[in-house]
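Q: Following this message is one structure expressed as structure tokens.
The values are calculated or read from the model by the stated rules, or taken from the named source; none is laboratory data. Remember, predicted model here, so these are calculated numbers, not experimental data. Using ideal geometry, Cβ is built from the backbone for each residue, glycine included, and neighbour counts are taken over all protein chains shown.
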Amino acid sequence: MRLTPGAASLDALAMTAMVVLCASWGGGQVAVKLAYADVPPVLQAAIRSAGAGLLVWIWMRIRGVRFAEGGRTRLPGAIAGLLFAAEFMLLFWSLAYTSAGRAVVFLYVAPFVVAIGAHLFVPGERIRLVQLVGMGLAFAGLVVLFGAEAPADLPRYLLGDVMALAAGVLWGATTVLIKASPLARASPEKVLLYQLAISAMALPVVALAVGERVDAFPGAVSLASLAYQTIWVAFITYLVWFALVRSYSAPRLSAFTFLAPVFGTLAGTAILDEPFTAQVVVTLVLISAGIVLVNRPVPAAAGQPSPSTSRME
């Protein structure tokens, strides 16, 4: 999503906030798995979108942010919402087959999709050699992770891996759409509300079509997971991110996103007892290095500010 960031270097407060945000985003897949016993995946995504959408709407009303700003954003906003819905449907489903740690790593293919898509569809944005190197490192990491499990477990994991990878591609596609459409000039709250509102309408239909239902009132762990996903991740952390992007350098902030797969893998190991193998370590190093290279800012010409973009779900 293209925003107008400040040029300030990151201070201790901003760096601490980014670590907290990345830990929160990385742990999101673990939270989904914790609620699986009581709430099926697509219904979880629907509840998350509906609850967070309501909170964003209330926030916009309090701050006087208008949603009705003409009709040019309606079509791209609707498409962005459908892509957002498909992304989280696939991501939440993937966790029935693969580990949370693996899912969050495959999800973070998105920055590379954004780099390629921006090169093709966003004027003035071109892939540089350093970004190609970063993509190569990340691809090597994905290859390592695809073969990390024993052959007996591979078919089950492979299905979940592919679904999480597809979710990452949709995440990147949503970002490119926003950057290349009138949504790039809309308020961040409005863009986020489009995604949450459309997905809140589409996901219950999918859940009904596939026969998902809640048979009993969710337990305390599941309710805490839903609250975490809805209030903390999809509402509070996103608004904090937008505030940071307005005050600090977006490329410097984006460089921190490599921490999310690391935190996701560690959370899966600590909370869900998922394996933390040598292949996982190699993958995290390669993916992290790749994301850092892809997010390196373009050197600015003398007297000109460095252009930057930012993307957040």
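Q: Evaluate the following for A80: is it of a type outside the set (F, W, Y) and not in a helix (DSSP H, G or I)?
A: Considered against the rule, which asks whether it is of a type outside the set (F, W, Y) and not in a helix (DSSP H, G or I), A80 comes out as no.
Q: Related question: So D215 clears everything in (1) modelled with pLDDT under 95; (2) touching a helix residue (DSSP H, G or I) at 6+ places or on another chain (Cβ under 8 Å) except one condition, right? Which one?
A: (2)
Q: Confirm whether V280 is at pLDDT 80 or above, touching a Gly at 6+ places or on another chain (Cβ under 7 Å) and of a type in the set (V, I, T).
A: Yes, satisfied.
Q: Going by the structure shown, is V292 surrounded by fewer than 15 Cβ atoms within 10 Å (Cβ to Cβ) and either within 17 Å of G26 (Cβ to Cβ) or at pLDDT 85 or above (or both)?
A: For V292, the condition - surrounded by fewer than 15 Cβ atoms within 10 Å (Cβ to Cβ) and either within 17 Å of G26 (Cβ to Cβ) or at pLDDT 85 or above (or both) - is not met.
Residues are listed down the side, and each one gets a yes or a no for (1) at pLDDT below 95; (2) β-branched (V, I, T); (3) surrounded by fewer than 15 Cβ atoms within 10 Å (Cβ to Cβ):
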| residue | (1), (2), (3) |
| --- | --- |
| V191 | yes, yes, no |
| I198 | no, yes, no |
| L203 | no, no, no |
| L223 | no, no, yes |
| A234 | yes, no, no |
| T237 | yes, yes, no |
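Q: Right, next: Which pairs turn up if I take residues in the stretch 258-275 that are surrounded by fewer than 20 Cβ atoms within 10 Å (Cβ to Cβ) and look for partners that are outside any helix (DSSP H, G or I) with beta carbon separation below 6 Å, at least 6 apart in sequence or on another chain?
A: If the second residue must be outside any helix (DSSP H, G or I), the pairs left are T269/F276.
Q: What are the pairs, 6+ residues apart or on separate chains, where a residue within the stretch 226-242 that is small (G, A, S) has its Cβ under 6 Å from a residue that is modelled with pLDDT of 95 or more and assigned to a helix (DSSP H, G or I)?
A: Pairs that qualify, where the first residue is small (G, A, S) and the partner is modelled with pLDDT of 95 or more and assigned to a helix (DSSP H, G or I), are A234/R48; A234/A52.
Q: Can we say A184 is of a type in the set (A, V, I, L, M), part of a helix (DSSP H, G or I) and modelled with pLDDT of 90 or more?
A: Against the criterion (of a type in the set (A, V, I, L, M), part of a helix (DSSP H, G or I) and modelled with pLDDT of 90 or more), A184 does not qualify.
Q: Tell me, which helices (runs of 4 or more DSSP H) wholly within the stretch 197-282 include 1 or more residues that are over 24 Å from T16 (Cβ atoms)? Don't jump to the end; show me each part of the working.
A: On the way: elements: 220-227, 238-247, 250-254, 259-272.
Once the helices (runs of 4 or more DSSP H) in the stretch 197-282 are filtered for at least 1 residues that are over 24 Å from T16 (Cβ atoms), what remains is 220-227, 259-272.
Q: Which residue out of F92, F84 is modelled with pLDDT of 85 or more, touching an Asp or Glu at 6+ places or on another chain (Cβ under 9 Å) and surrounded by 15 or more Cβ atoms within 10 Å (Cβ to Cβ)?
A: Working: F92 fails: touching an Asp or Glu at 6+ places or on another chain (Cβ under 9 Å).
Answer to the check: F84.
Q: Of a type in the set (V, I, T), surrounded by 14 or more Cβ atoms within 10 Å (Cβ to Cβ), farther than 26 Å from T257 by Cβ and in contact (Cβ under 8 Å) with a residue 24 or more places away in the chain: is that true of V169 in this structure?
A: Judged against the criteria, V169 is not a match.
Q: Tally up the residues in the stretch 104-143 that are on the phi > 0 side of the Ramachandran plot and assigned to a helix (DSSP H, G or I), please.
A: Taking the stretch 104-143 first, the residues on the phi > 0 side of the Ramachandran plot are 124.
Then drop every residue that is not assigned to a helix (DSSP H, G or I), which leaves none.
Residues flagged as on the phi > 0 side of the Ramachandran plot and assigned to a helix (DSSP H, G or I) within the stretch 104-143 amount to 0.
Q: For residues that are more than 19 Å from L259 (Cα to Cα) and touching a residue at least 60 places away in the same chain (Cβ under 8 Å), scanning just the stretch 123-132, find the one that is nearest to the chain's Cα centre (by Cα).
A: The selected residue is E125.
Q: Let me ask something else. Need pairs with beta-carbon distance below 8 Å; first residue in contact (Cβ under 8 Å) with a residue 40 or more places away in the chain and within the stretch 82-96, second of a type in the set (D, E); sequence gap 6+ or separate chains.
A: Correct list of pairs: F84/E313; E87/E313; S94/D161.
Q: From R61, R2, grab the single residue that is at pLDDT 90 or above and either closer than 26 Å to Y248 by Cα or crowded, with 24+ Cβ neighbours inside 10 Å (or both).
A: R61
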